[in-house]
1. Name the aspartates and glutamates eligible as straight-distance cross-link partners of residue 85: C-alpha to C-alpha under 13 Å, and not fewer than 8 places from it in the same chain.
2. Loop only per DSSP, at most 14 neighbouring Cβ atoms within 10 Å: give me the trypsin sites (Lys or Arg not before Pro) in segment 159-228, ordered by residue number.
3. Evaluate the charge dipole of segment 41-109 about its Cα centre and quote only its size in Debye, nearest 20, assuming +1 on the Cβ of each Lys and Arg and -1 on the Cβ of each Asp and Glu.
4. Determine, from the Cβ-Cβ distance of residue 121 and residue 210 and an R0 of 35 Å, the FRET efficiency 1/(1 + (r/R0)^6), rounded to the nearest 0.05.
5. Under a plain spin-label model, where a point goes 7 Å from the Cα along Cα-to-Cβ, how far apart in nm are residue 153 and residue 113?
6. Name the lysines eligible as straight-distance cross-link partners of residue 238: C-alpha to C-alpha under 23 Å, and not fewer than 8 places from it in the same chain.
7. Round to a whole number: what % of the accessible area of segment 115-252 belongs to carbon and sulfur, probe 1.4 Å?
8. Between residue 182 and residue 297, with labels modelled 7 Å along Cα→Cβ, what's the label distance in nm to one decimal, could you check?
Amino acid sequence: MQARILLAFCILSLAALRAAAQSEPNQPAPPSDSTQSSQAWTTNLGDESVGTGDLVYITVTGSPEFTRSYRVSKDGDISIPLVSKPISVIGLAPAAIATAVSDALIRDRILVAPIVSAAVLQYTSRQVTVAGAVNSPVIIEATGNLKLLDAIARAHGVAPDAGGEVIVSSLDKTTGNRKSTSIPIKDLLSGEDQKLNIPLHGGEEVRIPEAAKLFVSGNVKLPGVYRINDVEGSSVLKALALSQGILPDSTKDAYVYRMAAGTNQRQEIPIPLRDILHRKAADVPLQANDILYVPASRGPHLGSILKGMTGLGQAALMHP
């Protein structure tokens, strides 16, 4: 009889425990300070010193009221709750920031032996802008050993319509003015001269201008608009190479139509085409937006065509 009573009591106890477990499911424990600290450190950008506007994450173990992110003010400091005065952190690396916060908490008798860690979540003071003829213009943060090729790679590379150089402008701290440096893209990408792959520290603007345009028309095999990708520019022979050469019935002279300085009119410049092709005359350099015209033995002169187009444009403006 006693054995039956004991068995029934055990069955009822197990049923009660099962009902309690079903009615009160286990809840996940809230993240501890150490968990928050590890999450912050996983997003730490680097160990460089901070500047104004940077975002710093402070973790004080066992004190959630201090554990959060802080923005460095224009004066270069952060304000910790209950600390009597702001803590200067400008120019400090994360480890030194943690020490400064710990010293402040001890000095103001807030904590006896605080365990403090610091991480940088955002380096606003170290931003580098990559713009112009790149596939994806971007603003990045100069952390670690960031160099010019790294910045261009972060912008997904050079666009097809890029010119022949990359311009890096930075602030000269001695004069307060911005200075620019031009670097040939072809030499930079080749990697032969590592000095061209300059380091970036923040505040630079990397800009790749679009390539200048050159127009080739007339009695050539492939007339069209061509980019001038070389830093040295283009020339008559280079333009003819791009347009696959002249046709057999071309005249001995060609013409370059170039915008006159300070006007919206083009001036006509005769070119000894046949002498250039036979190496009897020097190649002629071409500028951006030049029109190289190769006339045929029979056909209208491009100069008259341009003048006619100008006249039609003026008439259209006068008689809308």
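1. Filter leaves 75, 77, 103, 108.
2. Passing both the DSSP loop test and the Cβ count: 173, 221.
3. 200
4. 0.50
5. 4.6
6. Here the lysines satisfying the reach criterion relative to residue 238 are 186, 213, 221, 252, 280.
7. Carbon-and-sulfur percentage of accessible area, whole number: 53.
8. The two pseudo-label positions are separated by 4.3 nm.
The values are calculated or read from the model by the stated rules, or taken from the named source; none is laboratory data. Keep in mind the model is a prediction, meaning the values are calculated, not measured. Note that we place each Cβ from the backbone using ideal geometry, even for glycine, and neighbour counts take in every protein chain shown. SASA here: full protein model, heavy atoms, side chains in, ligands and nucleic acids out. Shrake-Rupley method; radii C 1.70, N 1.55, O 1.52, S 1.80 Å.
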